[in-house]
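The values are calculated or read from the model by the stated rules, or taken from the named source; none is laboratory data. None of the values given here were measured: they were computed from a predicted structure. Cβ coordinates were reconstructed from backbone atoms using ideal geometry, including for glycine residues, and neighbour counts include every protein chain displayed. All accessible areas refer to the heavy atoms of the entire protein, side chains included, with ligands and DNA or RNA removed. Shrake-Rupley method; radii C 1.70, N 1.55, O 1.52, S 1.80 Å.
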Amino acid sequence: MRKALCVGIDSYQNISDLHGCVNDANSVKSALERNGDGTLNFAIKMMCATSETTYISRAQLKDAVEELFRSETEISVFYYSGHGSFDTSGGYLCTSEISRADEGLSLDDIMGIVARSKAQNKIVILDSCFSGAIANQTEMPNYSLLKDGTTILAACGENEYATEKNGHGVFTSLLVEALYGGAMNLLGEVSPGSIYSYIDRSLGAWEQRPVFKANIKSFVSLRKNAPPIQISELRRITEIFPNPYDEFALDPTFEHDKHEADTQEVNKVNEEIFSVLQRYVKLNLVVPVGEEHMYYAAINRKSCKLTAQGQHYWSLVNKKTI
């Protein structure tokens, strides 16, 4: 079972309202709820504060977080978008009724709930100011060590502000892009680690810096998208390259366009293999040797070889993990 709690708070009683947090929560829900092929991925509970009638209190938020992490799920994901605050005692998620920084749900309390969770994988994703303070050793001495299976993604550092643009948080916009395939591997899977890498590369040096903290034995997939190559074709990598360090010799019979070749011999088997190799090139699994393009590597009887990434996937196929 995979469960997620998505919270967006735009409406506040005593501090300034926000305008993109509910949009963010709904976008994350849409990305997590189903995989790329339409199959159910996460069972999701939504909490959104859009007006005075839908205010979310500290007690309500705490109860929902406790309910999320109470059960023995495969993955439990907590996503929050809203105001964040920070004082000498630590960081807080601001709920609708607060009037001072320390009245929201403390990050310390959240990590205490996570630490007691029986979920196999516990993932906390925060798009709020100062969210990088979560699980800090100095502010949270009781929970400085993340329990097994815990991953945290935060929009910014403990002294930084999380920004909005075009009605969405900058961090969440990149998070959603990553989930929809921007951060997927060749199997179509998106992990928390690949999401962080995608967001980190997308933000400039002068922008907010995302935070990633984890104590895990392996990455889990948060969403499965259509892979960029058929798995059956990817598995052929060990057939085409019996050894990951060997070069694969080419000649004009591999290229169907032979107008610059010294022979017009047609070999359909070689042309089919060459089509697969060209798809490998697009995915940075293979590069031509001695030529800039695969076409000339074939016409001029050169070769191609696996890249470091190609060797990695060769190893995975060879171990039958793909």
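Here Gly84 fulfils each of the conditions (1) in contact with a helix residue (DSSP H, G or I) (Cβ under 9 Å, 6 or more places away or on another chain); (2) farther than 23 Å from Ser191 by Cα; (3) surrounded by fewer than 24 Cβ atoms within 10 Å (Cβ to Cβ) apart from (3). The residue pairs whose first member lies in the range 109-138 and is at positive phi, whose second member is surrounded by fewer than 23 Cβ atoms within 10 Å (Cβ to Cβ) and part of a strand (DSSP E or B), and whose beta carbons are closer than 8 Å, counting only pairs six or more residues apart or on different chains, are Phe130/Ser85; Phe130/Phe86; Ala135/Lys213.
Give me the residue from the range 159-173 that is modelled with pLDDT under 90 and closer than 16 Å to Asp200 by Cα and, out of that set, least open to solvent (accessible area, probe 1.4 Å). Going through the qualifying residues, I end up with Gly169. How many residues are out of contact with any helix residue (DSSP H, G or I) (no Cβ under 7 Å at 6 or more places or on another chain) and open to solvent by 10 Å² or more (accessible area, probe 1.4 Å) when one looks only at the range 291-307? Qualifying residue count for the region: 9. Within the set Ser76, Ser27, the sole residue that is closer than 24 Å to Val176 by Cβ, touching a helix residue (DSSP H, G or I) at 6+ places or on another chain (Cβ under 8 Å), among the hydroxyl-bearing types (Ser, Thr, Tyr) and part of a helix (DSSP H, G or I) turns out to be Ser27. For Met140, the criteria (1) closer than 25 Å to Ile44 by Cβ; (2) modelled with pLDDT under 95 hold in every case but one, which is (1). Within the bounds of the range 202-212, is there any residue that is under 22 Å from the mean Cα position of the chain (by Cα), assigned to a loop (DSSP other than H, G, I, E, B) and closer than 24 Å to Arg34 by Cα? No, the conditions are met nowhere in the range 202-212.
When Asp257, Asp246, Asp251 are checked against the criterion of being in contact (Cβ under 8 Å) with a residue 12 or more places away in the chain, of a type outside the set (Phe, Trp, Tyr) and buried (at least 16 other Cβ atoms within 10 Å of the Cβ), a single residue qualifies: Asp251.
Has the range 18-26 got any residue that is open to solvent by 50 Å² or more (accessible area, probe 1.4 Å) and modelled with pLDDT under 95? Yes: one or more hits. Among the residues making up the range 201-217, those that are without any contact (Cβ under 8 Å) to a residue 40 or more places away in the chain and open to solvent by less than 50 Å² (accessible area, probe 1.4 Å) are Leu203, Gly204. The residue list Val276, Val287, Val281 contains one member that is open to solvent by less than 40 Å² (accessible area, probe 1.4 Å), of a type in the set (Val, Ile, Thr) and either in a strand (DSSP E or B) or within 25 Å of Asn185 (Cα to Cα) (or both), which is Val276. Going by the conditions given, is Leu234 closer than 28 Å to Gly188 by Cα, free of Cβ contacts under 8 Å to residues at least 40 places away in the same chain, open to solvent by less than 30 Å² (accessible area, probe 1.4 Å) and in a helix (DSSP H, G or I)? No, not satisfied.
Taken together, the residues in the range 30-65 that are β-branched (Val, Ile, Thr), open to solvent by 40 Å² or more (accessible area, probe 1.4 Å) and under 18 Å from Gly104 (Cβ atoms) amount to 1.
Okay, residues lined up against (1) within 23 Å of the chain's Cα centre (by Cα); (2) farther than 23 Å from Glu158 by Cβ; (3) surrounded by 20 or more Cβ atoms within 10 Å (Cβ to Cβ):
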position	(1), (2), (3)
Glu67	no, yes, no
Val77	yes, no, yes
Tyr80	yes, no, yes
Cys94	no, no, yes
Ile98	no, no, yes
Glu103	no, no, no
Ala119	yes, yes, yes
Asp127	yes, no, yes
Ala135	yes, no, yes
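The residue that is most open to solvent (accessible area, probe 1.4 Å), among those in the range 1-14 that are modelled with pLDDT of 95 or more and part of a loop (DSSP other than H, G, I, E, B), is Gln13.
Considering only residues in the range 144-182 that are polar (S, T, N, Q) and not in a helix (DSSP H, G or I), the one that is nearest to the chain's Cα centre (by Cα) turns out to be Thr151. In the set (1) of a type in the set (D, E, K, R); (2) without any contact (Cβ under 8 Å) to a residue 24 or more places away in the chain; (3) touching a strand residue (DSSP E or B) at 6+ places or on another chain (Cβ under 8 Å), Asp262 fails one condition alone, (3).
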